[in-house]
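Asks: Take this structure, written in structure tokens, and hold onto it; I'll ask about it next.
The values are calculated or read from the model by the stated rules, or taken from the named source; none is laboratory data. Note that this is a predicted model, so its numbers are computed, not measured. Reconstructed Cβ throughout: ideal geometry from the backbone, glycine too, with neighbour counts over all protein chains shown. Just the protein is used for accessible areas: all its heavy atoms, side chains included, with ligands, DNA and RNA removed. Shrake-Rupley method; radii C 1.70, N 1.55, O 1.52, S 1.80 Å.
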Amino acid sequence: MVPSPSNPQQIQQFLSSVLSQRGPNSVPYDESTKWLIRQHLLNLISSYPSLEPKTATFIHNDGRSVNLLQADGTIPMPYHGVTYNIPVIIWLLESYPRHPPCVYVNPTADMIIKRPHAHVTPSGLVSLPYLQNWVYPSSNLVDLVSDLGAAFARDPPLYSRRRPVPSPSPPPSHDPSLTRPPPPTAAADQRPFPPSPYGRVQHVHHNQHQQQQSDDAAEVYKRNAINKMVEMVHGDLSSMRRDREAEAESLLSLQGGLRRREEEINRGLKEMVEEKETLEQQLQIISMNTDVLDSWVRENQGKTKTLVDVDVDVDKVFECVDALSKQMLECTASDLAIEDAVYALDKGFQDGVVPFDQYLRSVRLLSREQFFHRATGSKVRAAQMEAQVHAIAGRLHS
């Protein structure tokens, strides 16, 4: 059990720390309701300072144990003009605040639970209409405790245990005339206790009172020592938890950076692989073109020596290897010739040699013819590319 601090600021820090804790010891509440749980407990402590928020292990009926928040302390109960304090424990279960909390009456060693009771079972479990008619999110702990005090005022759930006090016996005497009647205090001790809550008449001697004071002092010292040790352990655990949380945050940040670098490296590696494949394809094309040029140079290297002193026909210098190449050569030559003719017409029109009507008619006819030559050249170029692709594929498969 983790005891809560005593002042409001420390209570707020305690609740914030508990509700934001992560790990196996964290409280199992829904993240969307943790802020409302914190407000319910702060309002409860503000209205009833005798209650303290704590964390403790709650064991379900099926044997499961879970770390939960609780409000432990006393609630005021007016009875016959006197206010009594009823010790209770309010457990905030995992489904809180969508479902009601679990309330237990927590009697001390000198108290007993009234049997039967309309709202309290012999085990201390409290059942009230307010708990049965719990409505989320309007129901809250402050109204619950107020309803508990009103219900207990009508029917107190606890009573003090009756402790009979032995009457002092008279001293022995053989003379009946010397025998004294018992003192009136002894007769008063033999009367029954009134049935009022926490009402208890104490008749003790002076030496018994001193012994009880010494026992109480020892108990107080023991309790203070235990509380001090618990506070020290709690402080050490809080410090260790903060250190571990800071270390975990740094490790998570480092992990995020490493993941980003991994993504960048994978992306760069993929781009390098794609670039390598593209370069290999280009290298194959260049190698094939180099082989073609080398073969052409070897075939035509001897012709230059025999044609030095011979009048060579320009149109027969280049020999086409196939019909597509011959057609491509004719289309290209016609296109360039028309381009030169149009240039000459432009020059003649600017110099005033060619009339305007004749210039327009000639340019229109030449442009139409040039369009057909260029369209035919585009088709021939596409057919040549397709034939080249088939040739490359055949070489690769071979």
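Asks: Within the set of pairs 6 or more residues apart or between chains, which connect a residue that is under 17 Å from Leu51 (Cβ atoms) inside segment 90-115 to a residue that is open to solvent by 50 Å² or more (accessible area, probe 1.4 Å) and assigned to a strand (DSSP E or B) with Cβ atoms less than 7 Å apart?
Replies: Matching pairs, first to second residue: Tyr104/Leu125.
Asks: Name the residue, out of Pro137, Pro122, Pro116, that is open to solvent by 40 Å² or more (accessible area, probe 1.4 Å), modelled with pLDDT under 90, touching a Pro at 6+ places or on another chain (Cβ under 7 Å) and not in a strand (DSSP E or B). Before you say what the answer is, go through the steps one by one.
Replies: Details: Pro122 fails: touching a Pro at 6+ places or on another chain (Cβ under 7 Å); Pro116 fails: touching a Pro at 6+ places or on another chain (Cβ under 7 Å).
Exactly one residue qualifies, and that residue is Pro137.
Asks: Additional query: Regarding segment 2-19, can at least one residue be identified that is exposed (fewer than 12 other Cβ atoms within 10 Å of the Cβ) and closer than 17 Å to Leu93 by Cα? Even if it seems obvious, please write down each step before you answer.
Replies: As a first pass, look at segment 2-19 and keep what is exposed (fewer than 12 other Cβ atoms within 10 Å of the Cβ): 6-7, 9-10.
The next check asks that each one be closer than 17 Å to Leu93 by Cα; those that pass are none.
The answer is no, given that none of the residues of segment 2-19 is exposed (fewer than 12 other Cβ atoms within 10 Å of the Cβ) and closer than 17 Å to Leu93 by Cα.
Asks: Within segment 68-84, how many residues are open to solvent by 30 Å² or more (accessible area, probe 1.4 Å) and either at pLDDT 90 or above or not assigned by the TED database to the domain that holds Leu131 (or both)? It would help to see each step written out before you state the result.
Replies: First, the residues of segment 68-84 that are open to solvent by 30 Å² or more (accessible area, probe 1.4 Å): 72, 74, 76, 78-84.
Okay, now just the ones that are also either at pLDDT 90 or above or not assigned by the TED database to the domain that holds Leu131 (or both), so 72, 74, 76.
Result for segment 68-84: 3.
Asks: Right, another one. State yes or no: is Leu178 of a type outside the set (Asp, Glu) and modelled with pLDDT of 90 or more? Write out each step before concluding.
Replies: Working: of a type outside the set (Asp, Glu): yes; modelled with pLDDT of 90 or more: no.
Here the answer is no, as Leu178 does not meet what is asked.
Asks: Take Leu396 and decide whether it is open to solvent by 40 Å² or more (accessible area, probe 1.4 Å), of a type in the set (A, V, I, L, M) and closer than 23 Å to Thr332 by Cβ.
Replies: no
Asks: Is one or more of the residues making up segment 42-52 free of Cβ contacts under 8 Å to residues at least 24 places away in the same chain and under 29 Å from Gln21 (Cβ atoms)?
Replies: Quick first cut of segment 42-52, residues free of Cβ contacts under 8 Å to residues at least 24 places away in the same chain only: 49.
Then keep just the ones that are under 29 Å from Gln21 (Cβ atoms); that gives 49.
Yes, that holds for at least one residue.
Asks: Considering only residues of segment 345-380 that are within 30 Å of Glu319 (Cα to Cα) and out of contact with any helix residue (DSSP H, G or I) (no Cβ under 7 Å at 6 or more places or on another chain), which is surrounded by the most Cβ atoms within 10 Å (Cβ to Cβ)?
Replies: Taking segment 345-380 and keeping what is within 30 Å of Glu319 (Cα to Cα), we get 366-380.
Within this subset, residues satisfying the condition of being out of contact with any helix residue (DSSP H, G or I) (no Cβ under 7 Å at 6 or more places or on another chain) are 367-368, 371-372, 375, 378-379.
Details: Ser367: 11, Arg368: 10, Phe371: 12, Phe372: 12, Ala375: 11, Ser378: 11, Lys379: 14.
Per the criteria, the residue is Lys379.
Asks: Also, I was wondering about something else. Counting just the residues of segment 96-105 that are open to solvent by less than 70 Å² (accessible area, probe 1.4 Å) and in a loop (DSSP other than H, G, I, E, B), which one comes out nearest to Tyr84 (Cα to Cα)? Step through it out loud before you land on a result.
Replies: As a first pass, look at segment 96-105 and keep what is open to solvent by less than 70 Å² (accessible area, probe 1.4 Å): 96-97, 100-105.
Next cut, in a loop (DSSP other than H, G, I, E, B) only: 96-97, 100-101.
Working: Tyr96: 29, Pro97: 29, Pro100: 25, Pro101: 23 Å.
The selected residue is Pro101.
Asks: Which residue pairs have Cβ atoms closer than 7 Å, lie 6 or more positions apart in sequence or on different chains, and pair a first residue in segment 131-160 that is free of Cβ contacts under 8 Å to residues at least 12 places away in the same chain and not assigned by the TED database to the domain that holds Val120 with a second residue that is β-branched (Val, Ile, Thr) and surrounded by fewer than 17 Cβ atoms within 10 Å (Cβ to Cβ)?
Replies: Within 7 Å, no pair qualifies.
Asks: Continuing with this model, one more query. Would it be correct to say that Leu254 is surrounded by 10 or more Cβ atoms within 10 Å (Cβ to Cβ) and modelled with pLDDT under 90? Steps first, please.
Replies: Working: surrounded by 10 or more Cβ atoms within 10 Å (Cβ to Cβ): yes; modelled with pLDDT under 90: no.
No: the conditions fail for Leu254.
Asks: Still on this model: I'd like to check something: does segment 38-56 contain any residue that is crowded, with 17+ Cβ neighbours inside 10 Å and part of a loop (DSSP other than H, G, I, E, B)?
Replies: At the first step, the residues of segment 38-56 found to be crowded, with 17+ Cβ neighbours inside 10 Å are 38, 40-41, 44-45, 48, 51-55.
Subset that is part of a loop (DSSP other than H, G, I, E, B): 48.
Yes: one or more hits.
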